[in-house]
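Shown next, in structure tokens, is the structure this report addresses.
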Amino acid sequence: MAFWIYADRDVVIKGSGSRFSSYSGFVYEVTWDTNLKKGWNIVYAHGTTVAEMRNRLSWITQKPDDVNLRWVFESWDFEDCSSRSITPRVTENRKSLFRQ
């Protein structure tokens, strides 16, 4: 997965940790290795299952060489959209919304 993250200044975030989720019963191991520049940055997240009930999630700013991503919009709005009449279409636009 990839996310856009805005930084109001140049910042380096490195570290790791873990936490237990009483909701899911999983242990989550998280590592950060990011070098954000002022403005919008793409941060890549990669998750793996390393053992039963244990997941590892890595956040990096360097795009992995062996990854081919496609952008999709996912709304986190909890409004019920089931009553809308729409016809979804797949579109591709190679122009960047943000200059790099």
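Every read-out reported here was derived from the displayed coordinates using simple, explicitly stated rules and does not represent laboratory data. These numbers come from a predicted model, not from an experiment.
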Fill in the blank from the handout: Expected unfolding gain across Ser75-Thr49 under the 0.36 nm per residue rule, minus the alpha-carbon gap, is 6.8 nm
Handout entry: Under the Karplus curve 6.51 cos²θ - 1.76 cosθ + 1.60, θ = phi - 60°, whole-Hz ³J(HN,Hα) for the stretch 22-36, x wherever Gly or Pro sits
Key = 5, 6, 9, x, 8, 9, 10, 9, 10, 10, 10, 9, 10, 10, 8
